[in-house]
Structures are given as C-alpha cells and as structure tokens.
Amino acid sequence: MGFLDFLLGSTRLPQPRSERLFAIATARITLEAKLGLKPTGSAAICVKPLESSAYERTRAEIEDLLKLGSREAGTAYRLENDSYGYLWVVLKDPDFEDLVSGIHMVARSLTDSGLGQQLLCAVYPFSDGYKVYWIFSFKLGAYYPFVPSGASGRDGALELRLRSVMAEELPIEKDVERWYPIWEMPL
Amino acid sequence: MVRWSADRGLQARMLLTMFLLAAVYLIFINVIMAMGVGIQGVVLIMGIFLFIQYFYSDKIALASVGARIVSESEAPELHELVGRLCAIAGLPKPRIAVVRTDIPNAFATGRSQSSSVVAVTTGLLRRLDKSELEAVLAHELSHIKNRDVAVMTIASFLSTVASVIVQNIFFLGDRRDRESGSLVAVWLVSLIVWIVSFILIRALSRYREFSADRGAAIITGRPSALVSALMKISGTMARIPREDLRRVEGMNAFFIIPTGAIANLLSTHPPIEARIAALERLEREIL
C-alpha cells in the first residue's frame, strides 16, 4: 500500500497473488515427516459467482481443461455450487503434484480471463485421523491453517502450532484475524 | 534434541547488570557523602533496607498481590503438576500460591531455589488447559532454576531506593541544605541513578523472559504449549475468527483492515510477538 493510498484510501482492490500457491508442494513433505499429516488425495478451489457471459464461458473453458487433464494425468474433477452460491472445483488425484498443478491451472485460466478477482481460495486437506485444511487466500497471497473441531469450533492451539512448524516453508498469513474458517466444504 | 544447559548469555547479563548497578551505586554513595552525609549512616540505612528486602521480598511480593499459599489438599492437581515439573528440572518443589483475580498471570519469587514460591492467578487456571498451564509453570520454574529472581529482587531494590529519594528529597533536610543547593545535586544524581538502573533492569528483565521461555520449552518438550498459553493470555487465540470466509467476503470485510506497514504501526507488537517467534524457532529445532 502506497503512501497516497494511506492518505486517500485504497484506490483499487488487491490483485490475486497466486505465485506462492506452489509452496504447498514442497511443504507437504514436511507436513508428513514432522506431523504425520498426509494429503487426502483431493483439493479444491473456490470461486465467487458472477452473473456474466464471461463467467459462463470461463466455466466451460475450465471444464474443457479439466476434461483434458483427467485424460492426461488421471485427475478426476467435480464442479459444485455451495449454499453461498460459490462455485467449487474439486479435484481428486492420488498424486499430490498433479493436484497442485491442477489447482494452479484453474486459477490461471480464471486470471487470464480477467476473473482473478473472483478467486476466493484454494484448499488442501490433510489428515492424520483429524482433518487439517491449508487454505490459500488469493487476496492475501498466503496460506493459513484451519482445523475444525466439532460442529462450529476450531482448534486454535493446533493451528498456531502448525504455523510455527511450517513458517519457514509456507508463506503463512501473519495476522491471525484473517484466518477465516470455511465451514461445510464440499471436500 | 535441545537439552538444558546453563544459559551463559543470561549469566553474563546478570553479572554485568549487577556490576554496573554496583558501580552506579558506589558513585551514588560517594556523591551523597560528599554532600555531608556520614558514611556510617548511608551504609546502615542501605544495609537495613537490603536485609529486609532480601529476606522478606517474597512475602512482600505475595502480600502486595493478595496471594495465598495453598496446601497439597487444597490444590492437588496444581501440586502434582509442579512436583512433576520440578523432578524434570531438578529443583526442590517450591510453595504454591493462588491469587484471586481474573487477570491471567503467574510469577515466581524468593531469594533461593529452596525458598521459592510460584504464584498463579485464578484467571490463569480458568483459561488455560493442562498442557498450557504446565508450560507456564515450567516458565516460572525456569526463572527459579536460572536464579534470576534473586538478581532481579536486589536490582529492583536499589532502583526503588533511588526512586524514593528522587520523589521525597525535598521533604528531607533542613533549610540550610535547601538554600545551599546541595539537595538539588543529590536529587539530580538520584534521578540519573534511577534512570540508569531502570534501563539496566528492563534490559535484563526482557532477556530473562526469553531465557525462561526456552527453559520451559525444554522442560515440557512442547514449545507450542507455551505459545498457545501466551496467545491465550494476550488474547491472540480469541482473535482467530469463527465467521465463514464466504460470509465476510460477501460483506467485503476482507479489505477493510489495513495491511502491511500501517497495520504494524497501529497495532502493538509487544515482546509477546518476539517471544512467540523465538519459541517457534525452538519448536523447529526440537522437531
């Protein structure tokens, strides 16, 4: 944020920052070695809905790309709308690298079509009996952990521990006030 | 694996602080004597104060916050926890006190390892789970193990004497002194002594907290427990939101909060952030 923005108020929305998305590919090894957390074989990207032909066209484009991907890398996919009206692209692949590149491909094609603003987050679930979600916010350009416990609680202590273990390998959002949870993910 | 070792950094700093404080006070005494106060008077008064402070500091500290020593039958879990930690740390079990207040806090006091008291508040007991409480107790026991409580007690006493002189000097002495201006000189010297000792004590105080954090992490083997305890005490844990991302995105709340430099400028990032960062580094070392 520039000095003028500070004086006059921000003049533009932050652009999506997806360059740090790939960090999870290497972080995954540490997660498994140090914490026993394994990828669940699925990942998802959440897109804010937009009523426009561009959106429909992009959605069709994404589906074409995913079809291609499912033939080449064997990545299964599913498109789903949630109760908030958001579009979820859920990918399934036992190979974690394929999942990461699949998520990146969807993010890039939306950004290329000028719909980068609509990207909400990417989610990588890990499990060791309990579920840990690494949420990548495109606006923050950073990850943060989300560990649900019970119906609407979250395990803050474990999340903070995850931050301390992973701080060197993952770009993690520093401000815990922005670690917004996502309930009832279609994952 | 990180093991317990004598914290050379802390030991060196404690020695340096005491040495510098002693130097400052020798100068202080010399100046007072030059003003015409007899050496016997100065030494006697300082000696009595130091004696009282040294032998009663723990009782004074406990009484000033309304702490009550609890017996094993009154707080069996707390005693059990402290006993176990002392076995790990190789310490005699201190007495345990409880302060009735909702402010979450804990402290250790006492002039030696065997006469120490660890006090916790009811607010702390209410907020922390067992592993977090264990971490906080281990932190206090590390203070005792590092013997920095006694150093701080003596150092603070000397600083207190200087501050008392600074604040009350014009009620002392007779008219002749006031007119000669010697009281002003003593006041000025006392002020300098007060400020210098204040800075020295603060610097040592910050360092000994890091040291005790490290000790706690080694005793419990879980730096993260202390991190979450610190976060709970400072309210960080409560700042993790519960509202769904899609809901706040809809309200555009995501952009309202200032980012980067301005957020840093506005928010207080007190030593607690630095302490957490140090613990996180330790967590990575231990793993």
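Which percent of the Cα-Cα distances in region A:89-150 go past 19 Å?
When all Cα pairs of region A:89-150 are counted, 37 percent exceed 19 Å.
Rounded to the nearest 0.05, what FRET efficiency is calculated for A:GLU72 and A:ALA151 with R0 set to 30 Å and r the Cβ-Cβ distance? List each step's numbers first, then the result.
Details: r = 40 Å, r/R0 = 1.33.
Using R0 = 30 Å, I get an efficiency of 0.15.
In whole Å, how far is the Cα centre of region B:117-159 from that of region A:120-187?
33 Å
With label points built 7 Å along Cα→Cβ from the Cα atoms of A:ASN81 and B:GLU74, find their separation and express it in nm.
A separation of 6.5 nm, rounded to one decimal place.
Report the FRET efficiency, 1/(1 + (r/R0)^6), for A:ARG20 and B:GLN11, where r is their Cβ-Cβ distance and R0 is 45 Å, rounded to 0.05. Walk me through the numbers before you get to the answer.
Working: r = 43 Å, r/R0 = 0.95.
The calculated FRET efficiency here is 0.60.
Please work out whether region A:57-98 counts as rounded, prolate or oblate from its C-alpha gyration tensor, where a ≥ b ≥ c are the square roots of the eigenvalues and a/c under 1.5 means rounded, while otherwise a/b larger than b/c means prolate and anything else oblate?
On the way: a/c = 3.23, a/b = 1.48, b/c = 2.18.
Cα axes put region A:57-98 in the oblate bin.
Hey, what do the phi angles of region B:126-133 turn into as Karplus ³J(HN,Hα) couplings, whole Hz, using 6.51/-1.76/1.60 and θ = phi - 60°, x for Gly and Pro?
Ordered by residue, 3J(HN,Hα) equals 6, 7, 8, 7, 4, 5, 6, 4 Hz.
Rg and Dmax of region B:94-161, Cα atoms, in Å?
Every Cα atom of region B:94-161 included, Rg and Dmax give 12.8, 41 Å.
Highest mean first, what order results for A:99-105, B:192-198, A:33-39 on Cβ atoms within 10 Å? Spell out each step's value before the answer.
Values: A:99-105: 21.6, B:192-198: 18.9, A:33-39: 15.3.
My ranking of the peptides, most packed first, is A:99-105, B:192-198, A:33-39.
Quick one: which residues, 5+ away or cross-chain, put their amide H under 5 Å from the amide H of B:ALA97? H built at 1.01 Å from N.
B:VAL70, B:VAL118, B:ALA119, B:VAL120
Rounded if a/c is under 1.5, else prolate if a/b beats b/c, else oblate: with a ≥ b ≥ c from the C-alpha gyration tensor eigenvalues square-rooted, which is chain A?
Details: a/c = 1.60, a/b = 1.06, b/c = 1.51.
It is oblate, given that a/c is not under 1.5 and a/b is not larger than b/c.
For chain A, what does the helix formula give at 222 nm: sum of -39500 (n - 2.57) over DSSP H segments with n ≥ 4, over the residue count, nearest 500 deg cm²/dmol?
Values: 5 runs with 67 residues, N = 187.
So the helix-based figure for chain A works out to -11500 deg cm²/dmol.
Report, by chain and number, residues whose modeled amide H sits under 5 Å from the one on A:SER127, excluding near sequence neighbours (fewer than 5 apart, same chain).
The list, which skips near neighbours in sequence, is A:LYS38, A:THR40, A:VAL132.
Which value, in square angstrom to the nearest 100, describes the accessible area buried between chains B and A on both sides, using a 1.4 angstrom probe?
Values: alone 16700 and 10080 Å², together 23460 Å².
Answer for the B-A pair: about 3300 Å² buried.
Highest first, please rank the peptides B:102-114, A:162-174, B:61-73 by the mean number of other Cβ atoms sitting within 10 Å of their residues. Kindly include the intermediate steps, with their values, before the conclusion.
Numbers: B:102-114: 16.9, A:162-174: 20.1, B:61-73: 13.6.
Those peptides, ordered most packed to least, come out A:162-174, B:102-114, B:61-73.
Averaged over A:156-169, how many beta carbons belonging to a partner chain fall within 10 Å of each residue's beta carbon?
On the way: counts 9, 11, 2, 3, 11, 8, 1, 5, 13, 5, 2, 5, 3, 1.
Average neighbour count from other chains, rounded to a whole number: 6.
Taking amide H atoms as placed 1.01 Å from N in the peptide plane, list the residues 5 or more away in sequence, or in a different chain, whose amide H sits under 5 Å from that of A:TYR77.
A:LYS92
Residue separation times 0.36 nm, minus the C-alpha to C-alpha distance between B:SER156 and B:LYS59: what's the value? Write down the numbers at each step before the final one.
Values: separation 97, 0.36 × 97 = 34.92 nm, distance 1.54 nm.
Net length gain for the segment: 33.4 nm.
Using each residue's phi in region B:23-34, evaluate 6.51 cos²θ - 1.76 cosθ + 1.60 at θ = phi - 60° and report the 3J(HN,Hα) Karplus result to the nearest Hz, with x for Gly and Pro.
Listing the rounded values in order: 4, 4, 6, 4, 4, 4, 5, 4, 5, 4, 5, 4 Hz.
Peptide B:216-224: average number of partner chain Cβ atoms within 10 Å per residue?
Numbers: counts 0, 0, 0, 0, 0, 0, 1, 2, 8.
Going residue by residue through B:216-224 and averaging, the value is 1.
Considering Cα pairs under 8 angstrom that are at least six residues apart, work out the relative contact order of region B:35-141 and quote it in whole percent.
Values: 128 pairs, mean separation 25.3, N = 107.
24 percent.
Using the Kirkwood radius over Cα pairs, work out the Stokes-Einstein diffusion coefficient for region A:69-177 at 25 °C and 0.890 mPa s, in µm²/s as a whole number. Don't skip to the answer; put the middle values down first.
Working: Rh = 15.4 Å.
In µm²/s, the coefficient is 159.
Distance from the Cα centre of region B:6-36 to that of region A:33-79, in angstrom?
Each part's Cα centre sits 68 Å from the other's.
Taking each residue of B:232-244 in turn, how many C-beta atoms of other protein chains fall within 10 Å of its C-beta, and what is the average? Spell out each step's value before the answer.
Working: counts 3, 0, 0, 0, 4, 5, 2, 6, 13, 7, 7, 3, 7.
Mean number of neighbouring Cβ atoms from other chains: 4.
I need to check one value: relative contact order of chain A, counting alpha carbon pairs closer than 8 Å and at least 6 residues apart, in percent.
Working: 279 pairs, mean separation 48.8, N = 187.
This gives 26 percent for chain A.
Report the gain in length on full extension from B:GLN40 to B:PHE198: 0.36 nm times residue separation, minus Cα-Cα distance, nm rounded to one decimal.
Numbers: separation 158, 0.36 × 158 = 56.88 nm, distance 2.66 nm.
In short, 54.2 nm is gained.
For chain A, modelled as a Gaussian network with Cα springs under 10 Å, which listed residue fluctuates most, A:ALA60, A:ALA107, A:ALA44?
So, out of A:ALA60, A:ALA107, A:ALA44, the one fluctuating most is A:ALA60.
The values are calculated or read from the model by the stated rules, or taken from the named source; none is laboratory data. Source: prediction; values computed, not measured. Because the Cβ atoms are built from the backbone with ideal geometry, glycine has one as well, and the counts that use them run over all protein chains shown. Side chains are part of the model used for accessible areas, which takes the heavy atoms of the whole protein and leaves out ligands, DNA and RNA. Shrake-Rupley method; radii C 1.70, N 1.55, O 1.52, S 1.80 Å.
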